[in-house]
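Derivation of every value follows stated rules applied to the coordinates shown; laboratory data play no part. Owing to the predicted nature of the structure, the values given are computational and were not obtained by experimental measurement. Cβ sites come from the backbone with ideal geometry, for glycine too, and all protein chains shown count toward neighbours.
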Amino acid sequence: MSKRELHDQYLFPNYAPMQIMPSHGKGARLWDTDGREYIDFAAGIAVSSLGHAHPALIDALYQQSKKYWHVSNLMTNEPAILLAKALVEATFAERVFFSNSGAEANEAALKLARRYAHDNFGPEKFEIIAFEDGFHGRTLFTVSVGGQAKYSDGFGPALEGITHLPFNDIAVLEAAISEKTCAIMVEPIQGESGVVPANVEFLKRARELCDQHNALLIFDEVQTGVMRTGELYAYIGLGVEPDILTSAKGLGGGMPIGATLSSQKIAQAFGVGVHGSTFGGNPLACAVANKVLELVNTPQMKVQVQARAMQLQGGLESLNNEFSLFAEIRGEGLLLGCVLSPEFAGRSRELLNLMMDQGVLALVAGDNVLRMAPPLVLEEQDVNEGLAAMTAAVKIFMAG
Ligand SMILES: Cc1ncc(COP(=O)(O)O)c(C=O)c1O
């Protein structure tokens, strides 16, 4: 039995992993256990921001691993303090809560918004506005706030007080918000459901409406954060500041970490004992994330992301000029979604598998969108080779 088959024997059947298994990686390249090389345009779903086996991250992990691995929240620890300080200095925020994943960062954000409203405006103010097709994680609260029934159906009654509105519809939002609304939660670019950007006007209006109704604006930047769009966080480029921001994925460069950011005033709602996590603020994860942030939040990285994004987007557009495969190529920076033309609808996974056969790894976002979220550090040559492999796959796809 192959190792991959052992997966099916011993693990829960909730994933359908590819047939290949990784052996090791370097930068934007990954090798499988059969020795085949791949260009990685997936980065473990927008996580490996500095690619695989980055020497500075290995060193950060190693240095911390020799000191202590874990103290829980019984004690504070230097890597967590330094990371919180760096995040505060780089953003609108004044306080940070650490957890271990995007879902947990969002769970904390949602609980924080409800608790803040409860403490400041009373128990009636608990309603949350979220958006159709949004994705915020897989805890019960986050699937309830996420706008995709397939993730929340079958788990008993959904949490109360959550409304899902059409994305980017200002009039509907204006009509729905009320004094009972405690928060609006939104992704600046809906990642999982197809790389769909929010309109700036929509986000600006959401900001105004939150201010008018004493509601908090929560930006889920789990996927868009940590320079993926060419800004440290997408809100910076959009010019709309949230009250609460969540970050995970790329922040740890592959180490599990989540962060919930807010003002000091809002953070007060999490007094001693109100919320917590055994592993949140883990020194190993924070030591690595510190190094990620240091290397990512630089003018050079901004230029690098913009250059590779232009190259990748340009390459995808030329490929499309030749094959008319995509109806639209959208997204920002190194988070791109290629929407299949109607005649190829529903076949994104088939294309993904053909690309893998040709040596380039990517992602899908639903049945109709091929998604790219490569390491931020990918090189010009990686993009060229990845696009060449993709072209070979597209030829087979078109013939099939
Ligand atoms: C926008 C967004 N929020 C939350 C999550 C959940 O993150 P995690 O899988 O780390 O819990 C994801 C994951 O894809 C995401 O894209």
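A few comments on the model shown:
- Cα gyration tensor shape for the range 179-304, rounded if a/c is under 1.5, else prolate or oblate: oblate
- For the chain, a Gaussian network of Cα nodes joined below 10 Å ranks A373, A90, A309 by mean-square fluctuation, and the top entry is A90.
- Entries of K85/K125; K111/K180; K111/K265 with Cα pairs more than 27 Å apart: K85/K125
- Mean ellipticity per residue at 222 nm, deg cm²/dmol - from DSSP H runs of n ≥ 4 across the chain, formula -39500 (n - 2.57): -12500 deg cm²/dmol
- The calculated FRET efficiency for the pair E89 and T139, based on their C-beta separation and a Förster distance of 30 Å, comes to about 0.50.
- Computed about the Cα centre, the dipole magnitude for the range 56-296 is approximately 740 debye when only Lys and Arg (+1) and Asp and Glu (-1) carry charge, each at its Cβ.
- Bridge orientation summary for the range 56-296: considering DSSP beta bridges with both residues in this region, about 40 percent are antiparallel.
- Applying a DSSP loop filter and a limit of 14 other Cβ atoms within 10 Å to the chymotrypsin sites (Phe, Trp or Tyr not before Pro) in the range 129-175 leaves F155.
- For the range 182-249, the ratio of Cα radius of gyration to the globular rule of thumb 2.2 N^0.38 Å stands at 1.03.
- Highest mobility in the GNM of the chain, judged by mean-square fluctuation with C-alpha springs under 10 Å and restricted to N290, N73, N353, is found for N73.
- Once both labels are positioned 7 Å from their Cα atoms along Cα-to-Cβ, the gap between S341 and L74 label points is 6.4 nm.
- Under 5 Å, built H, 5+ apart or other chain: amide partners of S341: F326, A327
- Radius of gyration, Dmax [the chain; alpha carbons; angstrom]: 21.0, 62
- FRET efficiency for M1 and A307, using Cβ-Cβ distance with R0 set to 60 Å, rounded to 0.05: 0.85
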